[in-house]
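Report on the following structure.
The values are calculated or read from the model by the stated rules, or taken from the named source; none is laboratory data. The shown structure was predicted, so the numbers you read here are calculated from the model rather than taken from an experiment. Here Cβ is always computed from backbone atoms with ideal geometry, including for glycine, and neighbour counts include all displayed protein chains. Please note that ligands, DNA and RNA were not included when accessible areas were found on the heavy atoms of the full protein model with its side chains. Shrake-Rupley method; radii C 1.70, N 1.55, O 1.52, S 1.80 Å.
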Amino acid sequence: DVYAITDKNKDYKADKIYTIATGLKMPNGVAFRDGDLYVAEVNRILKFENIEEQLDNPPAPVVINDTYPTETHHGWKYIAFGPDGKLYVPVGAPCNICESEDEIFNSITRINADGSDREIVQRGIRNTVGFTWHPETGELWFTDNGRDWLGDDLPACELNHAAKDFMHFGYPYCHQGDLPDPKFGEKYPCSDFTPPVQKLGPHSAPLGLEFYTGQQFPASYKNQLIIAEHGSWNRSKKIGYQLSMVTLEGDRSTGYTPFASGWLDETEDEPWGRPVDIEQLPDGSILVSDDFANAIYRIYYRGN
């Protein structure tokens, strides 16, 4: 299902929830441009035209592209429009670890707003479910989820920076920038690929991320990255279940620390919530979605 949420009285509480569509296949990714809502299913991109004027009676969607793979393993698609006006669409690996015959897998693609001219823009990416562009340089930054079954502590998940188009980030040959894969690592050295800017927690499942550009938080937060860590699913001691912050100087990480935590009960080692994505509101506060507690939170700063 796809929903729209309104807050007409500006009290930061939902006034009404509209159902825009039902019965879609894993409609994880949404993007908004020129009044139109774009929704990504597993293998196609839909567009709901002029949607804000039709919340009570949503139109039937227009299919702008239906050429993406139908495999559901890592099939969730986060989508966003880049500074170039094109829609960026990831395609995860159809497995835990494998070489894919179809080059469309393990990639980030982009298409025009009408769905045409699909191209692969970045490669070697196992499963990104979150990316954004630096507010000053316009360069692409994204999270990537590391492979499973190499133990609790390997490999690290990744924060990556694509300073240009057509780079390769290692999968399935190299993980975390310096760890050859046991099966495929002999084919290419890790030095052939772009290493991560920051190693994130192993199996922490980083998803959405956002550069903070608002005025509400202290100046030290400006243009720093906040990342939603969904949390591990098969680690013997759970990790993630938090928002983390990566501080940057240029394209170099100077720190990786928790920003907001508490979704994991560390005494019981059980979560009550799992952060998914982050969006900044016009007032400088941020929204955080949680697909385990089925909630959206607002985090704001009141000063000392």
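Details
- If the condition is being touching a Leu at 6+ places or on another chain (Cβ under 7 Å) and either in a loop (DSSP other than H, G, I, E, B) or surrounded by fewer than 21 Cβ atoms within 10 Å (Cβ to Cβ) (or both), then segment 159-189 contributes A162, L179.
- Scan segment 202-223 for residues that are without any contact (Cβ under 8 Å) to a residue 60 or more places away in the chain and under 16 Å from the mean Cα position of the chain (by Cα) and the total you get is 2.
- A residue that is in contact (Cβ under 8 Å) with a residue 40 or more places away in the chain, within 29 Å of D36 (Cβ to Cβ) and either among the basic types (K, R) or part of a loop (DSSP other than H, G, I, E, B) (or both) cannot be found anywhere in segment 190-199.
- Condition broken by A21, with the remaining ones in (1) modelled with pLDDT of 95 or more; (2) open to solvent by 70 Å² or more (accessible area, probe 1.4 Å); (3) of a type outside the set (F, W, Y) satisfied: (2)
- Filtered residues of segment 77-88 (kept if in a loop (DSSP other than H, G, I, E, B) and at negative phi): K77, Y78, I79, G82, P83, D84, K86
- Within this structure, P275 passes the test of being touching a Phe, Trp or Tyr at 6+ places or on another chain (Cβ under 8 Å) and in contact (Cβ under 8 Å) with a residue 60 or more places away in the chain.
- Qualifying strands (runs of 3 or more DSSP E) (wholly inside segment 216-285; at least 3 residues being modelled with pLDDT of 95 or more, at negative phi and open to solvent by less than 20 Å² (accessible area, probe 1.4 Å)): 225-229, 242-249
- Among residues of segment 252-264 that are in contact (Cβ under 8 Å) with a residue 40 or more places away in the chain, those with a Cβ under 6 angstrom from a residue that is open to solvent by less than 70 Å² (accessible area, probe 1.4 Å) and of a type outside the set (D, E, K, R), sequence gap 6+ or separate chain, pair up as S253/V197; S253/Q198; S253/V246; Y256/Q198; Y256/V246.
- Selected residue [out of contact with any Ser or Thr (no Cβ under 7 Å at 6 or more places or on another chain), of a type in the set (D, E, K, R) and over 21 Å from S253 (Cα atoms)] from R123, R147, R118: R147
Quick grid of which residues meet (1) touching a helix residue (DSSP H, G or I) at 6+ places or on another chain (Cβ under 6 Å); (2) part of a strand (DSSP E or B); (3) open to solvent by 30 Å² or more (accessible area, probe 1.4 Å):
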residue	(1), (2), (3)
I5	no, yes, yes
K25	no, no, yes
A31	no, yes, no
V42	no, no, no
E52	no, no, yes
P58	no, no, yes
T67	no, no, yes
G75	no, no, no
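- Tally, over segment 286-304, of residues that are in a strand (DSSP E or B), open to solvent by 50 Å² or more (accessible area, probe 1.4 Å) and of a type in the set (D, E, K, R): 1
- Scanning segment 102-128 for residues that are acidic (D, E) and either more than 16 Å from T70 (Cβ to Cβ) or in contact with a strand residue (DSSP E or B) (Cβ under 8 Å, 6 or more places away or on another chain) (or both) turns up E103, D114, D117, E119.
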